[in-house]
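In what follows, a structure is listed as structure tokens, so that the remarks can point back to it.
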Amino acid sequence: DQQVKQNSPSLSVQEGRISILNCDYTNSMFDYFLWYKKYPAEGPTFLISISSIKDKNEDGRFTVFLNKSAKHLSLHIVPSQPGDSAVYFCAATLQTGANNLFFGTGTRLTVIP
Amino acid sequence: KAGVTQTPRYLIKTRGQQVTLSCSPISGHRSVSWYQQTPGQGLQFLFEYFSETQRNKGNFPGRFSGRQFSNSRSEMNVSTLELGDSALYLCASSPWTETYGYTFGSGTRLTVV
């Protein structure tokens, strides 16, 4: 059973506009959330994370929002650049205990120049 | 510093055979985790090793096994290969047990024919 879901397999955005990638989770015990970016033939690279005690975390052009009541998080990229074209995975975990991540199935973002 | 190194990069095996994949973590990293990536399932956690001990295991059959050596290098083995084992196998290392310290390797692409 997929505990972390990314319901949009793909997203296309014009360069300079905002990209919004969404992620839903089912396990209310998750208390730490991460976004990874993956280019073809490379491993995922860490992008940004957020603890469940926060509802927003910003890092340059990337902002992650967490809505605990809705069990929903989103990644905003502003402005989007062609180099942002990649597959984005959201992941969730428990900060204590088991050290493994539960990943979504990914969203392929294409930024059109 | 050198990243996480996985060998081989590509592998083709026949159904019923067994395979061993290798992962060399970043120097000083003691935790090594393995994930399987398939198109429909995203990244699925296989197991995690820390100081030569398996700390956590995902929901995979016993055909999937692993080990970690004293230098933190890790191997995973899949016996009696099935067509459904075709996937990208990713290794990630971290200094301790915090998942946000993960660095992924580029993966081994296994094709079972």
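Worth a mention:
- Once the gyration tensor of the Cα atoms in chain B is diagonalised, the equivalent ellipsoid follows with semi-axes of 22, 14, 13 Å, ordered largest first.
- Estimated vicinal HN-Hα couplings, Hz - the range B:12-19 in sequence order (Karplus 6.51, -1.76, 1.60; Gly, Pro = x): 10, 10, 9, 3, x, 6, 10, 9
- Loop-resident trypsin sites (Lys or Arg not before Pro) (DSSP state other than H, G, I, E or B) in the range B:63-113 with no more than 13 further Cβ atoms inside 10 Å of their Cβ: B:R63.
- Beta bridges per DSSP with both ends in the protein assembly as shown, % antiparallel, nearest 5: 90 percent
- For the peptides A:49-57, B:8-16, residues were scored by their other Cβ atoms within 10 Å and the scores averaged per peptide; the highest-first order is A:49-57, B:8-16.
- Rounded, prolate or oblate (a/c below 1.5 giving rounded, otherwise prolate when a/b exceeds b/c) for the protein assembly as shown by Cα gyration tensor: prolate
- For the range B:45-113 versus the range A:2-51, the gap between their alpha-carbon centres in whole angstrom: 22 Å
- About the Cα centre, charge dipole magnitude for chain A (Lys/Arg +1, Asp/Glu -1 at Cβ), debye: 100 debye
Read-outs throughout are calculated quantities, based only on the coordinates presented, and are distinct from any laboratory measurement. What you see is a predicted model; the values in this text were computed from it and never measured. Note that each Cβ is placed from the backbone with ideal geometry, even for glycine, and that neighbours are counted across all protein chains shown.
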